[in-house]
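Remarks on the structure that follows.
The values are calculated or read from the model by the stated rules, or taken from the named source; none is laboratory data. Remember, predicted model here, so these are calculated numbers, not experimental data. In this analysis, Cβ positions are derived from the backbone assuming ideal geometry, glycine residues included, and neighbour counts consider all displayed protein chains. Accessible surface areas use protein heavy atoms only, side chains included; no ligands, DNA or RNA. Shrake-Rupley method; radii C 1.70, N 1.55, O 1.52, S 1.80 Å.
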Amino acid sequence: MSQADILDGLAAILEEVAGVEPADVTADKTFIDDLDVDSLSMVEVVVAAEEKFGVKIPDEDVKTLKTVGDAVSYIQRAGVAA
Amino acid sequence: MTPTPRQVVVTGLGATTPLGGDVPSTWEGLLSGRSGARRLTEDWVEQLPVQIAAPLAVEPPLGRVEARTLDRSQQMALVAAREAWADAGSPEVDSERLAVCVASGIGGVLTLLHQHDVLREKGPRRVSPHVVPMLMPNGPASTVGLAFGAKAGVHAPVSACASGSEAIALALDIIRAGRADIVIAGGTEAAIAALPIAGFAQMQALSKRNDAPETASRPFDKGRDGFVLGEGAAVLVLESAEHAAARGARVLGTLAGAGISSDAYHVAATDPTGAGAARAVRAALRSASLEPTDVIHINAHATSTPIGDVAEGVGLRLALGDALDSIAVTSTKSMTGHLLGAAGALEAVVTLLSLRERVVPATRNLDALDDEIALDVVSIDNRELGTGAGLSNSFGFGGHDVCLAFTV
């Protein structure tokens, strides 16, 4: 899956879970400070992303995903590994 | 006139109920004698002995994220609190002088039930991370506190069907004690689901008039057979009189006093002697510096259960004596059903409006007054009121008795 596809998929999840405008979802944005996704909603985002992209994102790795770009790269790598 | 120190006034009202999505439509519904009860149509209803309830008239108009992260009881509390806050003129207040007392009898039971289904069907990874803050009974108080930035304390007294009134009584104490200038106070309940209905039905607490939902809630009537479960929220903005005067607020009335007692009789059954209820009424009068003869109106707890309505009448007689004969009594629940932890808050709103508008909405479905009930119940037609104090009673499983006293 391309980075652009993953970004679009994440934007759809963020809109559904946290009401984030899809246009605001760009690689450089941080989930917590820029997009105002709190730690509880972040869990929902992760679970929805696992389902959508068919990957596993262990809890200890979630902490490393600060920006949308971090998540896109992680999902792409995890997808290839899977 | 200089306000009495720490007198507590009401400056805003909000509600979402089975009769309307706000206070004006709810009040209009009460004056016109509408019923909020209907037959339920959900799939899960068929298995139940009771198939009627009084759901919200208007679904909470909240965004998708709020709907996803807030239990229905929290959503309703937020709707009512926003209306009350706007009605109070969106007060400028030091956040460290703003408190919240918003109660629920049961808490986020709909969330608990739904997420339990998710757990069993899809596993723990799919359980919402919002489930704990959504089901905790202090969730609605926390939601309201966050919405308005309240930093003087957020409270959620839990006393079953007396919870809403107890929240208002606690708010009175907080303002009188000088711990806050404004308290957003009220109650909320969203429990129309198979398990709560089955449980109340097993207690023989609910009306089984499935074919006549609008006439099922019949407080004080000979033919009453239990309450109709309702849902909703109601909120009052309570404020120290000095604070209200200083900001030039419109004052709707005064929360003159509150009385709280407990039966120590049975975990759920009503004490038939009415002693606990009488102690709460007397305590409210003392707290308000009122005499029984000052009272012109009582918004009764009167849920339409066979034993409860009689015991309330006995308790009122104990507390008020002959003065009771000239007091106009009504039951809001004849139209709204029983909002459990929100009931006392809604009825506080209705009591205040009755005093202010000088009219008591009639108790509906009262065809024949129970011979054991010696009360002047307003029925058939609404009744004009003179000037005086109004009381609102709330009692709850657990033996909780709360009485609020209002003047305008």
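Name the residue that is farthest from B:V131 (Cα to Cα), counting only residues in segment A:35-53 that are assigned to a loop (DSSP other than H, G, I, E, B) and under 12 Å from the mean Cα position of the chain (by Cα).
Just the residues of segment A:35-53 that are assigned to a loop (DSSP other than H, G, I, E, B), to begin with: A:35-38.
After this cut, where a residue has to be under 12 Å from the mean Cα position of the chain (by Cα) as well, the list is A:35, A:37.
On the way: A:L35: 22, A:V37: 17 Å.
Looking at residues that are assigned to a loop (DSSP other than H, G, I, E, B) and under 12 Å from the mean Cα position of the chain (by Cα), I get A:L35.
I want to confirm something. Restricting to segment A:11-34 and keeping residues that are open to solvent by less than 60 Å² (accessible area, probe 1.4 Å) and part of a loop (DSSP other than H, G, I, E, B), which single residue is farthest from the other protein chains (Cβ to nearest Cβ)? Among them, the one singled out is A:A27.
Quick check: is even one residue across segment B:335-351 crowded, with 19+ Cβ neighbours inside 10 Å and farther than 21 Å from B:V228 by Cβ? Even if it seems obvious, please write down each step before you answer.
Pass one, segment B:335-351, residues crowded, with 19+ Cβ neighbours inside 10 Å: B:335-351.
Adding the requirement that they be farther than 21 Å from B:V228 by Cβ leaves none.
Within segment B:335-351, none of the residues are crowded, with 19+ Cβ neighbours inside 10 Å and farther than 21 Å from B:V228 by Cβ.
Of the residues making up segment B:63-77, just one is among the basic types (K, R) and away from chain A (no Cβ under 14 Å), namely B:R72.
Could you please find all residues in segment B:38-56 being open to solvent by 10 Å² or more (accessible area, probe 1.4 Å) and under 22 Å from the mean Cα position of the chain (by Cα)? If the condition is that a residue be open to solvent by 10 Å² or more (accessible area, probe 1.4 Å) and under 22 Å from the mean Cα position of the chain (by Cα), then B:R38, B:P55, B:L56 are the ones that fit. The residues of segment B:39-51 that are in contact (Cβ under 8 Å) with a residue 60 or more places away in the chain and under 14 Å from B:L195 (Cα atoms), listed by number, are B:W44, B:V45, B:Q47, B:L48, B:P49, B:V50, B:Q51.
Got at least one residue in segment A:43-54 being of a type outside the set (K, R), under 19 Å from B:G63 (Cα atoms) and crowded, with 17+ Cβ neighbours inside 10 Å? Looking for residues that are of a type outside the set (K, R), under 19 Å from B:G63 (Cα atoms) and crowded, with 17+ Cβ neighbours inside 10 Å, one finds at least one in segment A:43-54, hence yes. When B:R176, B:R125, B:R120 are screened for being of a type outside the set (D, E) and within 14 Å of another protein chain (Cβ to nearest Cβ), only B:R125 passes. The set of residues from segment B:128-153 being more than 13 Å from every other protein chain (Cβ to nearest Cβ) and among the β-branched types (V, I, T) comprises B:T143, B:V144.
From the list B:A99, B:A80, exactly one residue is away from chain A (no Cβ under 14 Å), part of a helix (DSSP H, G or I) and touching a residue at least 40 places away in the same chain (Cβ under 8 Å). Which is it? It would help to see each step written out before you state the result.
Details: B:A99 fails: part of a helix (DSSP H, G or I).
Only one candidate passes the filter, namely B:A80.
Among the residues making up segment A:35-46, those that are within 11 Å of another protein chain (Cβ to nearest Cβ) and either farther than 14 Å from B:R125 by Cα or touching a helix residue (DSSP H, G or I) at 6+ places or on another chain (Cβ under 6 Å) (or both) are A:D36, A:V37, A:D38, A:S39, A:S41, A:E44, A:V45, A:V46.
Counting just the residues of segment B:23-56 that are polar (S, T, N, Q) and touching a Gly at 6+ places or on another chain (Cβ under 9 Å), which one comes out farthest from the other protein chains (Cβ to nearest Cβ)? The residue in question is B:S35. Evaluation of A:A71 against the conditions (1) away from chain B (no Cβ under 14 Å); (2) in contact with an Asp or Glu (Cβ under 7 Å, 6 or more places away or on another chain); (3) among the aliphatic types (A, V, I, L, M) shows that the sole unmet condition is (2). Restricting segment B:1-33 to residues that are among the polar types (S, T, N, Q) and in a helix (DSSP H, G or I), which is farthest from B:G232 (Cα to Cα)? Among those residues, the one meeting the criterion is B:S32.
Screening B:E59 with (1) more than 14 Å from chain A (Cβ to nearest Cβ); (2) closer than 25 Å to B:D22 by Cβ; (3) touching a residue at least 40 places away in the same chain (Cβ under 8 Å) gives one miss only, at (3).
Would you confirm whether or not segment A:54-62 contains a residue that is assigned to a helix (DSSP H, G or I), away from chain B (no Cβ under 14 Å), over 24 Å from B:M134 (Cβ atoms) and not hydrophobic (A, V, I, L, M, F, W, C)?
Of segment A:54-62, the ones assigned to a helix (DSSP H, G or I) are A:59-62.
Still in the running and away from chain B (no Cβ under 14 Å): A:60-61.
Next cut, over 24 Å from B:M134 (Cβ atoms) only: A:60-61.
So of that shortlist, the ones also not hydrophobic (A, V, I, L, M, F, W, C) come out as A:60-61.
Within segment A:54-62, one or more residues are assigned to a helix (DSSP H, G or I), away from chain B (no Cβ under 14 Å), over 24 Å from B:M134 (Cβ atoms) and not hydrophobic (A, V, I, L, M, F, W, C).
State whether the residues of segment B:260-280 include one that is under 17 Å from the mean Cα position of the chain (by Cα), farther than 27 Å from B:L385 by Cα and aliphatic (A, V, I, L, M). Checked against the condition, which is being under 17 Å from the mean Cα position of the chain (by Cα), farther than 27 Å from B:L385 by Cα and aliphatic (A, V, I, L, M), segment B:260-280 yields no hits at all. No other residue among B:G107, B:G89, B:G36 is free of Cβ contacts under 8 Å to residues at least 60 places away in the same chain and part of a loop (DSSP other than H, G, I, E, B) apart from B:G107.
Taking the conditions exactly as written (under 23 Å from the mean Cα position of the chain (by Cα) and either surrounded by 17 or more Cβ atoms within 10 Å (Cβ to Cβ) or within 14 Å of another protein chain (Cβ to nearest Cβ) (or both)), does B:V93 satisfy them or not? If you could, list the steps in order and put the result at the bottom.
Working: under 23 Å from the mean Cα position of the chain (by Cα): no; either surrounded by 17 or more Cβ atoms within 10 Å (Cβ to Cβ) or within 14 Å of another protein chain (Cβ to nearest Cβ) (or both): yes.
In short, no.
Among the residues of segment B:301-319, those identified as in contact with a Ser or Thr (Cβ under 9 Å, 6 or more places away or on another chain) and either closer than 17 Å to B:S262 by Cα or without any contact (Cβ under 8 Å) to a residue 60 or more places away in the chain (or both) are B:H301, B:I307, B:G308, B:A311, B:E312, B:V314, B:G315, B:L318.
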